There are 2 protein chains.
Amino acid sequence: MCSNQTNEIDVKRHSTAHVLAMAVLDLHPDAKLGIGPVIDDGFYYDFETKEPITEDELKKIEKKMKKLISQNIDFEKTELDIDEAKEKFENENQKYKVELIDDLKSEGEETISIYTSKDFSDLCRGPHVKNTKEINAKALKITRLAGAYWKSDEDREQLTRIYGVIFETKEELDEYNQRLIEAKKRDHRKIGKELDLFTFSDLVGAGLPLFTPKGTLLRDTIVDKIQTLQAKHGYEKVTIPHITKKELYETSGHWEKFGDELFKVKGQTDQEFVMKPMNCPHHTQIYASTQRSYRDLPVRYMETTMVYRDEQAGELLGLSRVRAISQDDGHVFCTPQQIESEVQNIVSVIREFYTSLDMFTEGNYWVSVSVRDPKEVDKCLGNPKDWDLAEKTLEEIAKKEGFNYKIVEGEAAFYGPKLDFMFTDALGREWQLATAQLDFVMPERFGLEYTDENGDKQTPVMIHRAIAGSLERFLSVIIEHFAGAFPLWLSPVQAVVIPVSDKFDDYGKNVVEKLQQAGFRAELDNDSETLGKRIRVAQKVKTPYMLIVGEKEITDNTVAVRSRDNGDEGVISIDEMIAKMQEEII
Amino acid sequence: MCSNQTNEIDVKRHSTAHVLAMAVLDLHPDAKLGIGPVIDDGFYYDFETKEPITEDELKKIEKKMKKLISQNIDFEKTELDIDEAKEKFENENQKYKVELIDDLKSEGEETISIYTSKDFSDLCRGPHVKNTKEINAKALKITRLAGAYWKSDEDREQLTRIYGVIFETKEELDEYNQRLIEAKKRDHRKIGKELDLFTFSDLVGAGLPLFTPKGTLLRDTIVDKIQTLQAKHGYEKVTIPHITKKELYETSGHWEKFGDELFKVKGQTDQEFVMKPMNCPHHTQIYASTQRSYRDLPVRYMETTMVYRDEQAGELLGLSRVRAISQDDGHVFCTPQQIESEVQNIVSVIREFYTSLDMFTEGNYWVSVSVRDPKEVDKCLGNPKDWDLAEKTLEEIAKKEGFNYKIVEGEAAFYGPKLDFMFTDALGREWQLATAQLDFVMPERFGLEYTDENGDKQTPVMIHRAIAGSLERFLSVIIEHFAGAFPLWLSPVQAVVIPVSDKFDDYGKNVVEKLQQAGFRAELDNDSETLGKRIRVAQKVKTPYMLIVGEKEITDNTVAVRSRDNGDEGVISIDEMIAKMQEEII
């Protein structure tokens, strides 16, 4: 089945998927075809074959495709009555296409469009190129094989999926290849191992990472940074358990929403518990534990805690997709009048945090102001006046802050509008990381209250916010963005002191202590290895500074500085080194 | 059925339980009797009656008991053939006694002893007083009613349990009553509410506490203290998820041991997960994630993380017994030669931590050195030579430290000997809080290794240690021990600054900032309440220092100090106040 394409390159990509099907049918005339849609940078097509398609065949398939493209084949569209179309594909023994036609029929379709290129014709909405000469064979590459269930249903047939990429120019393909090499080098699973940040255990299970001391230091440094920034704005830490009776989620409405993703928990009795997939419902219960007056508001909670979601085993990937998700979470309960200053606080924390990572720079971020679809205002819960005020406030903040922002209509949640922060990493990939979401619904569901100036009961507004979001996903992004070479403030070890021989160990220890007293994470490396080897080890684990000490350094009370990023930086005093590091962190 | 008594007062307590049965039979002639054993300070007896025994009746029962005691009734022992005994109780319609006789018969008993007092006779091993004149009726009190399942089996009949206390003298009963009043005042659930430390929610569930900002601050302060002390000894933080495949516990052996207490977790697939009831198996997997050499040992992990145990709903009590247990956990992996210095480190941390609470004082603690039962050495797993060395090392450390210690034979775990630290609280109750346990078994079960000096593979020794243990239980103990008036270092708010009127708010804020800059947790209370009211509020939440500021204090740059413990302490400069608090903390 074909999806709608809009831009020129996507039309070419989709036409190339048809060429892929032609090539595979040439090599496997018995192949049953699944679907062949466009994806980022390219396309795929699913096949069922008697003889399995092997990795080795991919080169051959690519060659065949290039040959087909060079034949200047026309693409022709015809419309068929749906029953005629079904008969055609039945005759061709294409059972998956027949099933798709049946699906379309049950949806009320009466005619079907078919695209024919040479002797191959495919059920397809199009559009397509007129002729394969529009496709640049030099910019084509078949990339990989994978297994995929028909209709993504684990109970259906497993097909073979062939992925490919195609661009307008050979240069773009070269760039793509270069990006792939770079992405492989930066793969957070590889760097995580090299830097000894985290591990997985078969006994514990997939998607359940175990963080080593260095990885925990990295996590804690991020969390400390966020919590310190937030504490300035009056956020206070709270602590909740990881399970709850399901009644909590029946009240919040999440029981229905999360469904299969919820991990269910059973003890010895009939009581049914669930592992929390988010923290907001628990936090409402702390708010609700005492009477609140307008003078107590805003109430601001923060907590870094794990939530659990039963992601499918096949979708788990390093830290990018896990089942135990550490959320840097926070919730504000406030009056409608306080929305502005509270969102302003959150935005300041986001700006300060991402600036410390040098990620909040022009061209590398944008902000989505997600508001109601003007045509679907009725579908949104809560008071329309609150919505109006909130949407206006969010845009005003984005404007006042000078953000690169877009108003995105229809992207608000049903419970409130939001600001989402998108960042572009060193490989040009875009990630939605930070967010501030207003919520007019949950406080009401839980019957939260405060007494206003007139002694009347009012419902507070709730603001959900994430700075780093899921720590695991955030780590996978920044490990790859920095290729493990974190900014000084974030590096698990900030300086390693290397004595040129064991005669200088005492002085080395002395330097380590001075750095530690100044608040830096410093270590001594006096292993019985050569100086060169020890420098290479420190460089490999991306230690920002290697401080080499020998006879001369003792005499002068100095260190010979080797920087991860700039190499040899000369000899300076210990105090100068401390000042230099302090300056780099501020 | 009667249990063995050893000391005089327990003999009297048990005889008084018989008197209780006599009194109840007098008021409820149809009563079926369960068991009536001795407990701390007294006794109980279980009954099944047609008309329920009411709270109001307890006074009447106590009065009747006192009357019976005053009748100088003899206790007489007779021995009966077991079948004769059964017939006797069958005739008396005492079905529970008959069941107990059947149980004894199936265990091979042939004769049964019966104690008779007046027209009441009870199946009982004794011993008893000769005559009720040995019992001091003035020192008797019937305390409460409760429900209890026959044989503690939820599927059996529910009986009514009547509790009483009896002492040698009236003075002891008065002291007991006084202790009860004190315990009620100090109840951590009551103080927890007054100080706003934690809450429970019906929607979340029983045994699942939610910690408010103040309670979280209290937890974090304890954890920070322990982790700072441990970091000095090379402990490093790690982070693990709260669930695991059950295979982890099958390997460790805990699957069998924990059984019903384990919370089982299920997602969408057949994969069975469990919530961790302890952390050691997870930590072994971090150790096992890389090759270790003797030069890398000891490896020391610490982590404060929640474990989950399905305690029975009826046993849950405030923070004392919960289902979500925050463990201040830590594990050391070392060579047998390193046991001494590692246990020494742990002991130093325990001493320093409990000294900071003023709980490590002569007469208020003792140390149990738990070793093998010399008769059952074969039952212990691991190398006997390692055991010998370890037991000797533990005793030597206890001796060298000048601890008040006892060698307790047979108290070692099957996997290794241990040191347990017992502390007595302000109400005279003893708590086992800290522990250091050697483990010769788990490292082998998980195939943990290190390479020794000769390049051979060796199995490390594991040391489990707890300083505060379960944070929830620890909090329940210290909240009651201190009656909420924590030492300065631990108080969630250390000083509250109270301006006498709003004219002095700015100066008040200035004082708060100076205290915060010096690292103290200080707050301003400028609520529109009278000075007296604000002082009472601060006193009620046990704030160590109330600093009152007005005209005179601004002029002199001072604060008027009111201490929680000593009342008015006069006027001193802000710098003096900071110095005073710093001194109190060190």
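Read-outs throughout are calculated quantities, based only on the coordinates presented, and are distinct from any laboratory measurement. All figures in this text were calculated on a predicted structure; none of them were measured in a lab. Virtual Cβ from ideal backbone geometry, glycine too; neighbours counted across all protein chains shown.
Just a few scattered comments:
- Charge dipole (debye, nearest 20) of the range A:8-179; +1 at Cβ of Lys and Arg, -1 at Cβ of Asp and Glu: 920
- Sparse-neighbour loop sites [trypsin sites (Lys or Arg not before Pro); the range A:536-586; at most 11 other C-beta within 10 Å; DSSP]: none
- Taking a straight Cα-Cα cut-off under 16 Å and skipping sequence neighbours fewer than 8 places away in the same chain, the lysines within cross-link reach of B:LYS580 are B:LYS514.
- Measuring between alpha carbons in the structure, the pairs from A:LYS375/A:LYS400; A:LYS97/A:LYS118; A:LYS214/A:LYS542 lying more than 21 angstrom apart are A:LYS375/A:LYS400.
- For A:THR54, the label point sits 7 Å beyond Cα toward Cβ; its separations from the matching points on the remaining copies run 9.0 nm, from shortest to longest.
- The spacing between the range A:396-415 and the range A:517-552, judged by their C-alpha centroids, is 47 Å.
- Student exercise, the range A:260-354 dipole from Lys, Arg, Asp, Glu Cβ charges, in Debye to nearest 20: 200
- Simple rule: put +1 on each Lys or Arg Cβ and -1 on each Asp or Glu Cβ in chain A, find the dipole, and look at A:THR228, A:SER491, A:ILE554; the Cα lying farthest toward the positive end is A:ILE554.
- Cα-only Debye scattering, the range B:385-466: base-10 log of I(q)/I(0) at q = 0.22, 0.25, 0.26 Å⁻¹: -1.11, -1.27, -1.31
- If the convex hull is drawn through the Cα atoms of the range B:8-179, its volume per residue in Å³: 116
- Sequence-distant aspartates and glutamates (8 or more away, or on other chains) whose Cα lies within less than 18 Å of B:LYS246: A:ASP202, A:ASP310, B:GLU256, B:ASP260, B:GLU261, B:ASP270, B:GLU272, B:ASP310
- When each of B:ASP575, A:ASP525 is scored by the number of other beta-carbon atoms lying within 10 Å, the sequence from fewest to most is B:ASP575, A:ASP525.
- Centre separation in Å (Cα based) which lies between the range A:452-471 and the range B:177-232: 25
- Rounded to the nearest 10 degrees, the angle from helix A:57-70 to the longest Cα principal axis of chain A is 60 degrees.
- Per-residue shielding of B:285-293, expressed as the average number of other chain Cβ atoms within 10 Å of the residue Cβ, stands at 4.
- Spatially, the range A:268-305 and the range A:72-115 are offset by 54 Å when compared through their Cα centroids.
- Other-copy label distances relative to A:GLU569, 7 angstrom Cα-Cβ extension, nm: 4.5
- At 7 Å out from Cα toward Cβ: A:ASP30 inter-copy label distances (nm, ascending): 8.3
- Put in order of Cβ neighbour count within 10 Å, fewest first, the listed residues A:VAL165, A:VAL537 become A:VAL537, A:VAL165.
- Farthest toward positive dipole pole in chain B [+1 Lys/Arg, -1 Asp/Glu at C-beta], among B:ILE574, B:TYR308, B:GLY532: B:GLY532
- Across the protein assembly as shown, the volume of the C-alpha convex hull divided among the residues equals 257 Å³ per residue.
- Taken residue by residue and averaged, Cβ atoms of other chains lying within 10 Å of the Cβ of B:205-211 number 6.
- Ranked from largest, the principal axis spans of the Cα set of the range A:67-126 equal 40, 20, 14 Å.
- Among A:VAL371, A:ALA85, A:THR361 the positive-end extreme of the charge dipole of chain A (Cβ point charges): A:THR361
- In the range B:149-261, the C-alpha radius of gyration followed by the widest Cα-Cα span (Dmax) gives 22.1, 58 angstrom.
- Helical runs assigned H by DSSP (4 residues or longer) give chain B a calculated mean residue ellipticity at 222 nm of -11000 deg cm²/dmol, each run adding -39500 (n - 2.57) before division by the residue total.
- Spacing of the two label points (7 Å from each Cα toward its C-beta) at A:LYS457 and B:ASP26, in nm: 5.4
- Each residue in B:SER15, B:SER289 was given a count of other beta-carbon atoms within 10 angstrom of its own, and listing them fewest first yields B:SER289, B:SER15.
- Helix A:531-540 vs. chain A, principal-axis angle (Cα, 0 to 90°, nearest 10): 50
- Counting only Cβ charges, +1 for Lys and Arg and -1 for Asp and Glu, the dipole size of the protein assembly as shown around its Cα centre is about 1220 debye.
- Pairs from A:LYS245/B:LYS151; A:LYS60/A:LYS170; A:LYS12/A:LYS86 whose Cα-Cα separation, in the structure shown, is over 23 Å: A:LYS245/B:LYS151; A:LYS12/A:LYS86
- Rg over Rh, two decimals, the range B:495-585 (C-alpha only, Kirkwood Rh): 0.92
- Counting only alpha carbon atoms, the long axis of helix B:574-585 and the longest principal axis of chain B meet at about 40°.
- Where N is the number of residues in chain B, Cα Rg divided by 2.2 N^0.38 Å: 1.18
- Across every direction, the projection of the convex hull enclosing the Cα atoms of the range A:100-202 has a mean area of 11.4 nm².
- Within the shell defined by Cβ-Cβ distances under 11 Å, the residues around A:ILE572 carry a net charge of -4, with Lys and Arg each +1 and Asp and Glu each -1.
- Put simply, the range A:430-586 fits an ellipsoid with semi-axes of 49, 18, 12 Å; these come from the alpha carbon gyration tensor as the roots of five times its eigenvalues, largest first.
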